[in-house]
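The values are calculated or read from the model by the stated rules, or taken from the named source; none is laboratory data. Please read these numbers as outputs of a predicted model, since none were measured by experiment. As a convention, Cβ positions derive from the backbone with ideal geometry for all residues, glycine included, and neighbour counts pool all protein chains shown. With ligands, DNA and RNA removed, areas are computed over all heavy atoms of the protein, side chains included. Shrake-Rupley method; radii C 1.70, N 1.55, O 1.52, S 1.80 Å.
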Amino acid sequence: KSKLLPDLLALFTEDKVFLNADLKLANVAARLDTPPHVLTSLINRELGKTFFELLNEYRVKEFIAKASNPDYSHLSIMGIAQEVGYKSKSSFNTAFKKQTGKTPSEYLKNDH
């Protein structure tokens, strides 16, 4: 069985590569020493999602963790979004709403 999936998940959970706003599939593939198309098909097949969906899933989870951490309370929603790898407010809002069903401000108002 391929060691690629555990190594990929370790890059996300331990190294938190998703915090890099400029992260691309090619960067992750290079870190795993595998061709990008192999990584793409692994993510699609094993995780049932695209690279960008995987990236957004980790970024949104990290946003939620940071938003409830008092160390980040001085930051705005967009400030925290930038900390977790988003450059654009619209892409952050879209990804957040797709994952949680709420806008970031609705989520923070109701769930904290």
If you build a Gaussian network model of the chain, linking Cα atoms that sit under 10 Å apart, which residue out of 58, 72, 86 swings the most?
-> 72
For the chain, which whole-number percentage of the solvent-accessible area (1.4 Å probe, protein heavy atoms only) is attributable to carbon and sulfur atoms?
-> 53
In Hz, Karplus ³J(HN,Hα) per residue of the range 88-93 (6.51, -1.76, 1.60; θ = phi - 60°; x = Gly, Pro) = 10, 5, 5, 5, 5, 4
Roughly how many Å² of residue 102 are accessible to a 1.4 Å probe, to the nearest 10?
-> 60
Straight-line reach from residue 102: which aspartates and glutamates have a Cα under 18 Å away, not including same-chain ones fewer than 8 places off?
-> 53, 57, 62, 111
Any idea of the accessible area per residue across the range 1-79, 1.4 Å probe, to the nearest Å²?
-> 57
Do you know the relative contact order of the chain, to the nearest whole percent, from alpha carbon pairs under 8 angstrom that are 6+ apart?
-> 23
Which of the listed residues, 44, 90, 32, is farthest toward the dipole's positive end in the range 26-95, when Lys, Arg count +1 and Asp, Glu count -1 at the beta-carbon?
-> 90
Kindly report, to the nearest 10 Å², the accessible surface of residue 60 as traced by a 1.4 Å probe over protein heavy atoms only.
-> 0
Report the accessible area of residue 91, computed with a 1.4 Å probe over the heavy atoms of all protein chains in place, in Å² rounded to the nearest 10.
-> 50
In nm, the gap between the two label points placed 7 Å beyond Cα toward Cβ at residue 102 and residue 14 is 3.4
